[in-house]
Each structure stands twice: as C-alpha cells, then as structure tokens.
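Following: one structure in structure tokens, then a few remarks.
Read-outs: derived from the displayed coordinates by stated rules, not from any lab. Since we're looking at a predicted model, the values are computed, not measured. Counting neighbours? That spans all protein chains shown, and the Cβs are built from the backbone with ideal geometry, glycine included.
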Amino acid sequence: MKKFINTVGGYFMLLGKVLRRPDNGRAFRRQLVYEMKVLGIESLPIACIISAFVGAAVVIQFAASLSNPIYPTWITGYTTRKAIMLEFAPTMIGLVLAGKVGSRIASELGTMRITEQIDALNIMGVNSANYLILPKITAFMLFSPVIVTLSVFSALAGGWLFGMMSGAMSSYEFLDGVQLEFDSYDMFYGMAKGLVYNFIIASVSSFRGYTVTGGALEVGQASTRAVVESCIVLIAANLALTSILI
C-alpha cells in the first residue's frame, strides 16, 4: 500500500513539473511537430487496420444476433454505428496504442535516464520533465480526434465491405442504419474518451520511463509496466467516463 501511495504521489508530482509553460517556445514547437509525427501519424496505419477488422467482426456478431425477421433491416447498421462510436473505436484503439505508444515513450525516456542525458539537462538548469514530456502529451492529445475519427470511419467501412461480401446485408440496408438518427453527441463522446485515454497513455508511460533506475533490464521492465498500468487506468477511466457522459 505504501509503495502504491508513493507511486501515485510521484506521478502527480511529476505532472506538476510537466504541466508548466515551456521555457523555450521555439524548442517546444519543434519537438511538438516531431512528436506528432512519431506518436500520431505513425499510429494511424495500425489504428485503421485494426478498426477495419473490428468493424467487420462487430457486423458479423450483430448480423447473426439480429437475424430474426421481426427486426427492421437497418438494425445491424444502426447498432454497429452505435457500438463503434461509443465504445470500440476509442477504447479498443486506446488499448492498442497503450502498447505501441506507451512502450515507445517509456523506453525512450528510460534510455535517456540511464545514459544520464536527463541528469545533464537538469544540471544545465533545464526543466527536463517539461522539456521532454510536455511535447509528447500535447502531441498525442492533439492527434486524438484524428485517430478516433479515422478509426470510426475505418471500422464502418470494414463492416460495410464485409457485410456486402458475406451477403449478411445489402449496402443500402447497412448505410440506411448507419445514417439513421445520427447524433453528433456520439462523436463528441468518443473523442472525449480518446482525449482522456491519450493523456493517460502518454503521462503514465512518461512517468515510468522518466523515473526508471538501473540499466537496460530495468528499462525493459519499465516499458512493460507502463503498458500494463496504462491499460488498467484506461479501463478504469472508461467506466468513469461512461457513467459521467452517458
């Protein structure tokens, strides 16, 4: 219990150093652009591919469960859209990115820590936490709406394509259900979740990498711990956000 309290306290103390105005605006913007590329753009392919297959799987499940003639023809498209926008796109992709992005951040900062690069920045009077971590958190959060939007589009496209190829439904039936009673709040809901998830992934992984001690073995352990803890906090946040936003 004491270790847990110390860990949580250390995390919030680190956030206190991170969430400050950057000392060098030009350096921050330069690093922000770089982090948007490596954390955001490079995450899009895997997010879109996984979303397409998830969308196809969701269509299979709903088409099989809702095949009773008493249900309207558009019900599969409607329920697929709801499930993807409200839960699958933000949460599923959040868990995937916790592995990809979380391990990258933790290993990068952990390597800098054990090679004493972070110590060198501190000796020079630089707020190393702010300089190294804030661009990562900001870039990943700024890219969150893009990732969620493309994830939703890819999932619906994958479900639509597989639904037609398998003969589970016609293109008109699926698209009719997808467009039926569309509520823009559903998209806001998914983006709000994605924003919180990306903050959790970037901040928890940064904490684990920034505070690592030891050598290469400890960096690997910190990367694993960062992914596991990010997923646990993300799932807990999912429950809280669902209770608040629905």
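Note the full-extension length gain between S166 and Q221 as 0.36 nm times their separation in residues minus their Cα-Cα distance, in nm to one decimal.
Net length gain for the segment: 15.4 nm.
Could you tell me the distance between the Cα centroids of the stretch 106-127 and the stretch 44-96, to the nearest Å?
With the stretch 106-127 and the stretch 44-96 each reduced to a Cα centre, they are spaced 43 Å.
Hey, what angle do you get for helix 216-245 against the long axis of the chain, alpha-carbon based, 0 to 90 degrees rounded to 10?
50 degrees
Helix 44-65 sits at what angle to the longest principal axis of the chain, using alpha carbons and giving 0 to 90 degrees rounded to 10?
40 degrees
About the Cα centre, and with charges only on the beta carbon of Lys, Arg (+1) and Asp, Glu (-1), how big is the dipole of the chain? Nearest 20 debye, please.
840 debye
Excluding residues fewer than 8 places away in the same chain, name every one of the lysines whose C-alpha is closer than 30 Å to that of K17.
K2, K3, K37, K100, K136, K193
Apply the a/c threshold of 1.5 to the C-alpha gyration tensor of the chain and tell me whether it is rounded, prolate or oblate.
prolate
Return the FRET efficiency for the residue pair Q179, V228: r is the Cβ-Cβ distance, R0 is 30 Å, and the value is rounded to the nearest 0.05.
Here the calculated transfer efficiency is 0.15.
So which trypsin sites (Lys or Arg not before Pro) in the stretch 9-64 end up in coil per DSSP with only 16 or fewer other C-beta atoms within 10 Å?
R20
In which sequence would F88, F12 go, from the one with the fewest C-beta neighbours within 10 Å to the one with the most?
Ascending Cβ contact count within 10 Å gives the list F12, F88.
Could you compute the net charge surrounding G40? Neighbours are other residues with a C-beta less than 13 Å from the C-beta of G40; K and R count +1, D and E count -1.
Residues close to G40 contribute a combined charge of +2.
Which order results if T111, T76 are arranged by neighbouring Cβ count within 10 Å, fewest first?
Neighbour counts put them in this order, fewest first: T111, T76.
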